[in-house]
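Input: a single structure, listed below in structure tokens.
The values are calculated or read from the model by the stated rules, or taken from the named source; none is laboratory data. All of these numbers come straight from a predicted model, not from anything done at the bench. Cβ coordinates were reconstructed from backbone atoms using ideal geometry, including for glycine residues, and neighbour counts include every protein chain displayed.
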Amino acid sequence: MTPGNPPTYHITLLRHGESVGNAEGYHQGQAEFPLTDKGRRQARALADHWSARGVSFDQAIASPLSRARETAEIITAALNIPLSFDSIWMERNNGLLAGLPHSTAAERYPIPDFVSLYHPIARTGESLWELFIRSGRAVETIMRQPPGRYLIVSHGALLDMAFHAILGAIPHPNFHGFALPLRNTAYSRLRYTPQEGQWRLLTHNEHPHFDSIAENASGLELPPDAYHFTLLRHGESVGNAEDKLQGQADYPLTERGREQARLLAARWRAEKVTFDKAIASPLERAHKTAQIISESLGLPLEIAPAWMEFDWGDLNGLSSQEVDQRSATIQWDDPYFPIGGDGESRWSVYLRASRSVQDLINSPPGRYLIVAHGAILNRFLSAVLGLTPQNRASVRFAFENTAFADLYFIPDRHLWVLDSLNNHDHLEQEDQRQ
């Protein structure tokens, strides 16, 4: 821990490698299925990736089920970190479904028309509410440990509910609401600062050790009426480089920011990523980023003022030091208080982002690229996940310059799926050039 920095938890939530149950289409739950050879390769590839980059942890904690246990053992042996097991991180007890092929389960235990939060799954399993409670207790077990770096190796359903607990949002009945799924050996990185009471989701579904475009492709099967939104923060601006609170002050991109946009456009061309339309904030740093990418990909570009950054009033354009000097006069924790005199409140920005949700879902289904700013993208994610801006310590989602999130909406299930967050693999090429 760096002297002078507040004690902080750095938590990596990792799903196990591919198991026989994954590969052969079984309901796993707490039934035992070993890793496949591919699952072992995935775990070794991640261990090699982390080892090459000096990634380490103070402690690894894993579910004792064999698919999680073996994944954790491969990684911790390579990184030489201590490993313990805790049954609280086991997968959902799915009752009589455990160990059944999906086809057999569908015949014996068809999904009812309405799936309650509180009824046991398949007669004898955990209800979704019970799983949510257990996941919350699992998160609490980490908080009872000293601040440090923790690796948690667990399972898809349990980790999804852990995200709900961390974000402060209850699950919805009937598989509605939102989900944060993880692919096999994909992981999410989070930071919690007790002094501020704030969680920060740094990345989601990160998998840099996957070595092919096919493996990187989303495994989601989307219906024709689904929406796919890619939320992109602009490239580095002069305001970023000079450590300004930018807000709605207009700053151009730096040359580095333009190069970041070009690298991302090249990446998407190589991956054959397509969009139906790009929508951008009119502020120059976002507009220019969108322009570089849309011209490279041959996209129509729409400019929409609703996607402008948080208006900080007379704080717009001030340096961090100047803002700190004014900080005592600002009611940071009041969501309804206008910031910077005549600026926006947190609540008004949240409502502006919420209006954008309505406008997008009333557009034709398709894939949309949204190029905007960190604060408004945070409020948009908060709106779709059902998180209201209670105070300054509300959950924050990381967006580095030209990093993006992939977000899906499936209308007939009323389900939002966050497939990735803060994806910036293209910036490794930038690092290599410097």
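Values for this structure:
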| item | result |
| --- | --- |
| Which numbered condition residue 121 fails, given (1) over 29 Å from residue 39 (Cα atoms); (2) touching a Gly at 6+ places or on another chain (Cβ under 6 Å) | (1) |
| Condition check for residue 394: among the polar types (S, T, N, Q) and either free of Cβ contacts under 8 Å to residues at least 24 places away in the same chain or over 26 Å from residue 173 (Cβ atoms) (or both) | no |
| Filter result for the condition that a residue is under 25 Å from the mean Cα position of the chain (by Cα) and among the β-branched types (Val, Ile, Thr), over 230, 254 | 230 |
| Output for region 220-239, where each listed residue is out of contact with any His (no Cβ under 7 Å at 6 or more places or on another chain), crowded, with 19+ Cβ neighbours inside 10 Å and of a type outside the set (Gly, Ala, Ser) | 227, 228, 229, 230, 231, 232, 236 |
| Flag for residue 83 being assigned by TED's automatic domain parsing to the domain that holds residue 173 and over 22 Å from residue 152 (Cα atoms) | no |
| Qualifying residue in region 367-374 (condition: assigned to a helix (DSSP H, G or I) and either aliphatic (A, V, I, L, M) or over 16 Å from residue 416 (Cα atoms) (or both)) | yes |
| Hey, residue 25 at pLDDT 95 or above, of a type outside the set (Lys, Arg) and out of contact with any strand residue (DSSP E or B) (no Cβ under 9 Å at 6 or more places or on another chain) or not | no |
| Positions within region 313-350 being of a type in the set (A, V, I, L, M, F, W, C), touching a residue at least 24 places away in the same chain (Cβ under 8 Å) and in a loop (DSSP other than H, G, I, E, B), in sequence order | 332, 339 |
| Residue that is under 18 Å from residue 22 (Cβ atoms), basic (Lys, Arg) and in the same structural domain as residue 77 (by TED's automatic domain parsing), where the choices are 108, 92 | 92 |
| Pairs with Cβ under 7 Å, 6+ apart, first in region 110-121 and within 16 Å of residue 413 (Cβ to Cβ), second among the aromatic types (Phe, Trp, Tyr) | 115/175; 117/129 |
| Of all residues making up region 179-202, the number that are surrounded by 23 or more Cβ atoms within 10 Å (Cβ to Cβ), within 18 Å of residue 398 (Cα to Cα) and of a type in the set (S, T, N, Q) | 1 |
| Top-ranked residue in region 280-296 [being under 25 Å from the mean Cα position of the chain (by Cα) and of a type in the set (A, V, I, L, M, F, W, C); ranked as farthest from residue 262 (Cα to Cα)] | 280 |
| Condition broken by residue 155, with the remaining ones in (1) outside the structural domain of residue 412 (by TED's automatic domain parsing); (2) of a type outside the set (D, E, K, R); (3) closer than 30 Å to residue 361 by Cα satisfied | (3) |
